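Visitor: This is the structure I have questions about; it appears just below.
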Amino acid sequence: MKNVDFLTVLFVSIVYMVIYIAWYSNFLFGKIYQNILKTAKRKPPFYHYFLIFFSILVLSYIISLFEVLMGVTTFLDGVFLGFLIWLGFIVTHTAFLVLTFKRNWKLFVLDNILYLIALMIISGVLAG
């Protein structure tokens with residue numbers, strides 16, 4: 001049985017953070033995101049990125065624990081686990097927010113595509 005590799009957890013957390021920053025940059029979907037929220041572009045405070053990275057680090061560690069406990073050892077199995085985590089936890093929760101609190105469906109789609117891509121990548125790398 002394999003153990004949690006903390007260096008890999010740190011690596012995939014950094015990869016996820018880079019994907020997150022790129023996703024919401026003006027180069028990709030930042031302008032669309034601002035338009036949906038109807039906000040002006042303002043730079044978030046430094047601690048904002050620290051909190052995001054910390055939550056990504058915790059998420060990556062938990063996914064790694066799941067993979068160890070479930071015996072996931074191949075990249076494709078990891079990708080599938082990332083998809084299942086996205087479908088079972090992320091989509092259901094964010095859909096609940098949209099339906100209950102009338103959040104924007106465009107924002108739901110934009111955020112969930114990021115979550116799907118990132119979870120499948122980090123789960124695959126952690127498994128492989």
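Visitor: Taking the options T39, T73, name whichever one is loosely packed, with under 11 Cβ neighbours inside 10 Å, out of contact with any Leu (no Cβ under 9 Å at 6 or more places or on another chain) and modelled with pLDDT under 95.
Guide: On the way: T73 fails: loosely packed, with under 11 Cβ neighbours inside 10 Å.
None of the others qualify; the one that does is T39.
Visitor: A further question follows. Consider F46 carefully, then state whether it is at pLDDT 90 or above and either surrounded by 14 or more Cβ atoms within 10 Å (Cβ to Cβ) or not polar (S, T, N, Q) (or both).
Guide: On the way: at pLDDT 90 or above: no; either surrounded by 14 or more Cβ atoms within 10 Å (Cβ to Cβ) or not polar (S, T, N, Q) (or both): yes.
No: the conditions fail for F46.
Rundown of residues vs (1) in contact with a helix residue (DSSP H, G or I) (Cβ under 8 Å, 6 or more places away or on another chain); (2) aliphatic (A, V, I, L, M), yes/no style:
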site	(1), (2)
L7	no, yes
Y16	yes, no
I19	yes, yes
Y24	yes, no
V58	no, yes
T74	yes, no
G82	yes, no
W105	yes, no
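Visitor: Restricting the first residue to segment 9-36 and requiring it to be on the phi < 0 side of the Ramachandran plot, which pairs with a second residue that is crowded, with 16+ Cβ neighbours inside 10 Å and in a loop (DSSP other than H, G, I, E, B) meet a Cβ separation below 7 Å and a spacing of at least six or different chains?
Guide: What qualifies is W23/F29; G30/Y24; Y33/Y24.
The values are calculated or read from the model by the stated rules, or taken from the named source; none is laboratory data. Note that the structure is a prediction, hence the values are computed from the model and not measured. For neighbour counting, all protein chains shown are included, and Cβ atoms are generated from backbone atoms with ideal geometry for every residue, glycine included.
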